[in-house]
Structures are given as structure tokens and as C-alpha cells.
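In what follows, a structure is listed as C-alpha cells, so that the remarks can point back to it.
The values are calculated or read from the model by the stated rules, or taken from the named source; none is laboratory data. These figures come from a predicted structure and were not determined experimentally. Using ideal geometry, Cβ is built from the backbone for each residue, glycine included, and neighbour counts are taken over all protein chains shown.
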Amino acid sequence: MGAWKNTTGDPPTRGVVGRPSASSAYDLQRWAPSDETGQFVEHFWFVSWDLRGQQPFDSAVITFPSMHITHEWGEDGARHGFPLPNTLVHGVVEQVFRTTISERGSVVGARFRPGGFTARFGGDASTMTGRVRPVSDELFGAPVDLDDAVDGAAAQMDRLIAHVGGPDPTYEALTSLVDRMRDDSRLHRVEQVMAHSPWSLRTTQRVFRRYVGVPVKWVLCRYRLQNAALEIETRPEVDFAELAVRLGWYDQAHFINDFLSMLGTTPVEYAAAYSEVSR
């Protein structure tokens, strides 16, 4: 499998908080899914660590509007309140995903495209937002028993998620809209997004709630905040007022309020903890 590893020499990546310190605590790899799975899954990922004899490490990720399925094992006993080994479904995390890793452990995960989990398995993604649950036997139509090894678990997960069937036109339209929200830096407000939506505002909000698990405004704001956090990490001299206006906030005060409410810290505190100058 082709993989990307988060060494400190790699280009900065949106979403990973404190990249240099994180890369010294764990290894992260990513690779593409099969074609049948790729319509729902953006990529597979694998994290492993060996902190035996060391202090636990607090990991933080500014999450994307994506659900995950993970298979987790290790010597730390339990994660997210569930014993190991375990296969878990993670809903969209509305603030920052935080977890403490210790001892020796591993995780193989599938990061679904926004809306991809619902398109593949049905249901309502909003019922899982902010939650982690063990995978039920009903999800795949049979009991799930994945290998406690990266290659085996990843291959099994890919086969279980793969689906050959008719397209979901709602999901296809949603994917196009979310991709534009991610890539078009000119989109700052919901009404701008609606100019590209094939649905009414009410239907658009309903589709986002059911498929993605969060409202349109949350998705739009999260992509902007990821860009802001990455600039703060990599440009220590960044001017917060200029950054706020350039990324579409009305003023610096609104930027600070959104940053604090979604990430749990102010831009100044974030810069002090994670910018290149602070290292």
C-alpha cells in the first residue's frame, strides 16, 4: 500500500495540531482506498506509537466534517471508554478531537468523505455527531472481527465498505457542493454557498444534517478555521486582523469568537502553543 508519513519535513497538513511534536510521538500513514470504496472513503490511515517508559502524549486534531471507522488495539487497555481491541464508529467532532495515547498501540481508520458514511450505510449522521460507538453487527450484515495488524485490518475494512450499486444522486450533489466549500476561498457565508446548491435552503440544511451530521455553516467555518490554524502554525508573524478579513470574517472579534467556540482556545493562545516561534 502506498503511504504518507508525517515526518517533520513533510508539507504542513490541515488538521494536525502541533505537527513537529506529534510526529515525534507517533507515526501516521495514509493511503488511497480501492475504487469501489473510494466513492465513500477519502483515505485510510494508520497511527502507531510506542511510549513505554515515557509520559503519555496528548494528541489533538482539528477534525474535518467526516465520520470514521477505526480498528484499535494495544497495551493501553481502553480508548474512548471501550475495551481493546475494538472496532468503532466515530461521528463528526464539533470542536477539537483530543485523546491521550500511552504505552504501545495502533489504530487503522477509514476517513469517510463528508456524507459518505450515510450514503454507504444509511441512517442519520447527526445521531452520531460527537459520539463514538462500537460497530454493530448490523452495520456490515455480519459480526466484525478485524485483524490486529495494519495490512490485514485495512484490507478487511476496505472489502467491508466497498459497494457496487446505483449512485445516490443526493450524495453526488452534496459531494460537489462540499468540495466547492473546501476549495473556493471566496465562499464565506451560507448565502454564498446557496448560490451553488441544487436545493432550497431548508432542504440543503436537512441534507447536511442527515448526511454530514452538522449544519452548512459549521462545515464552512471549519474549513476556514483549519486554514487559519495552519497559517498561525506556519507564519509566526501573521496579523490576526488581516487573517480574519482575508478568510472572510467580518472583523477580528468575530474570528476570535469562532476560533474559541470551535477550537476551545484563542488565536493568541494557539500561536503561543503551536507556532514555529514557540518551538
Please determine, by comparing only the residues of the stretch 172-210 that are among the β-branched types (Val, Ile, Thr) and touching a Ser or Thr at 6+ places or on another chain (Cβ under 7 Å), which one is nearest to residue 118 (Cα to Cα). 207
Looking at the stretch 154-164 only, could you name the residues that are under 16 Å from residue 86 (Cα atoms) and either surrounded by fewer than 17 Cβ atoms within 10 Å (Cβ to Cβ) or touching a residue at least 40 places away in the same chain (Cβ under 8 Å) (or both)? 154, 157
Somewhere in the stretch 193-206, is a residue modelled with pLDDT of 95 or more, in contact with a Gly (Cβ under 8 Å, 6 or more places away or on another chain) and either crowded, with 17+ Cβ neighbours inside 10 Å or not assigned by TED's automatic domain parsing to the domain that holds residue 112 (or both)? no
Of the conditions (1) among the acidic types (Asp, Glu); (2) in contact (Cβ under 8 Å) with a residue 12 or more places away in the chain; (3) not in a helix (DSSP H, G or I), the single one that residue 151 does not satisfy is (3)
Test: residue in the stretch 200-214 that is touching a residue at least 12 places away in the same chain (Cβ under 8 Å) and at positive phi: yes
Candidates 123, 109, 105, 141, filtered to the one that is at positive phi and modelled with pLDDT of 95 or more: 123
Give all pairs with beta carbons closer than 8 Å in which a residue from the stretch 179-195 that is closer than 9 Å to residue 220 by Cβ meets a residue that is polar (S, T, N, Q) and part of a helix (DSSP H, G or I); count only pairs at least 6 apart in sequence or on separate chains. 193/204
Filtered residues of the stretch 71-128 (kept if among the aliphatic types (A, V, I, L, M) and in a loop (DSSP other than H, G, I, E, B)): 84, 92, 93
Could you please tell me which pairs satisfy a Cβ distance under 6 Å, a separation of 6+ or placement on different chains, a first residue in the stretch 255-266 that is not assigned by TED's automatic domain parsing to the domain that holds residue 242 and exposed (fewer than 14 other Cβ atoms within 10 Å of the Cβ), and a second residue that is part of a loop (DSSP other than H, G, I, E, B) and modelled with pLDDT of 90 or more? none
Return the residues of the stretch 165-181 that are modelled with pLDDT under 95 and crowded, with 17+ Cβ neighbours inside 10 Å; say none if nothing qualifies. 168
Just to be sure, is residue 211 over 30 Å from residue 122 (Cβ atoms), crowded, with 19+ Cβ neighbours inside 10 Å and hydroxyl-bearing (Ser, Thr, Tyr)? no
In contact with a Phe, Trp or Tyr (Cβ under 6 Å, 6 or more places away or on another chain), farther than 29 Å from residue 128 by Cβ and of a type in the set (Val, Ile, Thr) - does that describe any residue in the stretch 227-247? yes
